[in-house]
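K.L.:
A single structure is presented below for examination.
The values are calculated or read from the model by the stated rules, or taken from the named source; none is laboratory data. Bear in mind the structure is a predicted one, so any value in this text is a computation, not a measurement. All Cβ positions, even for glycine, are placed from backbone atoms using ideal geometry, and neighbour counts span all protein chains on display. When the accessible area is computed, the model is the full protein with side chains, heavy atoms only, and any ligands, DNA or RNA have been set aside. Shrake-Rupley method; radii C 1.70, N 1.55, O 1.52, S 1.80 Å.
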Amino acid sequence: MQPFLRWAGSKRQIVPTLANYFDENRYERYVEPFAGSACLFFSLKPKKALLGDINGDLIRTYRDVKYRHKDVTDRLRRFRKSKKEFLRRRKTNRRSATRAHKAARFIYLNRCCFNGIYRTNRRGEFNVPYGGKASGAIPRNLRKHAGALRSVVLVSGDFEKVLSRTKCGDFVYIDPPFSVSSRRVFREYDPSQFDFGSIWRLRICLEELAANKVKFLVSYAVCKEAWFLAKGFKTKLVRVRRNVAGFAKHRRYARELLIFN
Ligand SMILES: C[S@@+](CC[C@H](N)C(=O)[O-])C[C@H]1O[C@@H](n2cnc3c(N)ncnc32)[C@H](O)[C@@H]1O
């Protein structure tokens, strides 16, 4: 199953490689603390899962798809794909709107914006430009996604909150934003940026997971921060096409490091 959102930094292209690390018979639960579009989760459809992200609107949207997917798609069917409508819906964010409307608006803006980027201004208003025709279709039916989310626990917040709830028998897939100092990369998911301090916190979490015999798989762009995270763990290099570099002519192949225990 494909995710219903487009997400900057999504690992969609390497899902078949990532999926090789998960064996449903071996693990009791799938955990993903940096869920984004959760492309590996939707591809695997594990029976039991815990998904988290610091983006509260994203997690609320997953909750609304889980509990009221019909209401959400009823709303979405009324939304037309055009620059005019996109700019109008981007501007209008009524607090009093129903939950289904808010989730539909989130999905609509995500599907129509430039490159599936999530970025807000200081006032917390979504400010990504219209993506044009290339941004793809708006989902009209979310029944299967709601089914996949049925037994999923959804947590809004920092990755440490999710990782502190893991136990032996879990499989944890960790796909953090890039915090690469040496070149310009996309990392504007949230006002609290993923800096080297966050990499340190993540490194400590990986050591704790390993000590508690919790299996993990991390994917990260090849850079010094990746090797810092990887020290003492197993690694594998994979080739990926970078999706967020601004414009298509700047897209290129790069290497990603998989880190696992
Ligand atoms: C590279 S994206 C994940 C992409 C995802 N694997 C997919 O396939 O779409 C990183 C995600 O981490 C989230 N994030 C950023 N900082 C975070 C933090 N401190 N704790 C939890 N999530 C965070 C962002 O909101 C974003 O959705």
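K.L.:
List, please: which pairs have Cβ atoms under 6 Å, are six or more places apart or on different chains, and start with a residue in the range 12-36 that is under 15 Å from MET1 (Cα atoms) and end with one that is away from the ligand (no atom under 13 Å from the Cβ) and of a type in the set (A, V, I, L, M)?
P.N.:
ILE14/VAL238
K.L.:
Further question: Which fully enclosed helices (runs of 4 or more DSSP H) of the range 7-126 have 2 or more residues being near the ligand (Cβ under 10 Å from one of its atoms) and modelled with pLDDT of 95 or more? I'd like the intermediate steps shown before the answer.
P.N.:
Details: elements: 15-19, 39-44, 56-76, 83-91, 99-112.
Helices (runs of 4 or more DSSP H) meeting the threshold: 15-19, 39-44, 56-76.
K.L.:
If you don't mind, another one. Which residues, taken from the range 137-171, are acidic (Asp, Glu) and within 14 Å of the ligand (Cβ to nearest atom)?
P.N.:
ASP158, GLU160
K.L.:
Could you please let me know if ILE138 is surrounded by 17 or more Cβ atoms within 10 Å (Cβ to Cβ), modelled with pLDDT under 95 and β-branched (Val, Ile, Thr)?
P.N.:
Against the criterion (surrounded by 17 or more Cβ atoms within 10 Å (Cβ to Cβ), modelled with pLDDT under 95 and β-branched (Val, Ile, Thr)), ILE138 qualifies.
Here is a yes/no grid of residues against (1) open to solvent by 30 Å² or more (accessible area, probe 1.4 Å); (2) in a helix (DSSP H, G or I); (3) aromatic (Phe, Trp, Tyr); (4) within 30 Å of ASN115 (Cα to Cα):
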residue: ARG201; (1), (2), (3), (4): yes, yes, no, yes
residue: ALA210; (1), (2), (3), (4): yes, yes, no, no
residue: VAL218; (1), (2), (3), (4): no, no, no, yes
residue: GLU225; (1), (2), (3), (4): no, yes, no, yes
residue: VAL240; (1), (2), (3), (4): no, no, no, yes
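K.L.:
If you go through the range 156-170 one residue at a time, do you hit one that is open to solvent by less than 10 Å² (accessible area, probe 1.4 Å), more than 26 Å from GLY124 (Cβ to Cβ) and modelled with pLDDT of 95 or more?
P.N.:
yes
K.L.:
Which numbered condition trips up ASP74, out of (1) over 25 Å from GLY157 (Cα atoms); (2) among the acidic types (Asp, Glu); (3) in contact (Cβ under 8 Å) with a residue 40 or more places away in the chain?
P.N.:
Tallying (1) over 25 Å from GLY157 (Cα atoms); (2) among the acidic types (Asp, Glu); (3) in contact (Cβ under 8 Å) with a residue 40 or more places away in the chain, ASP74 fails exactly one: (3).
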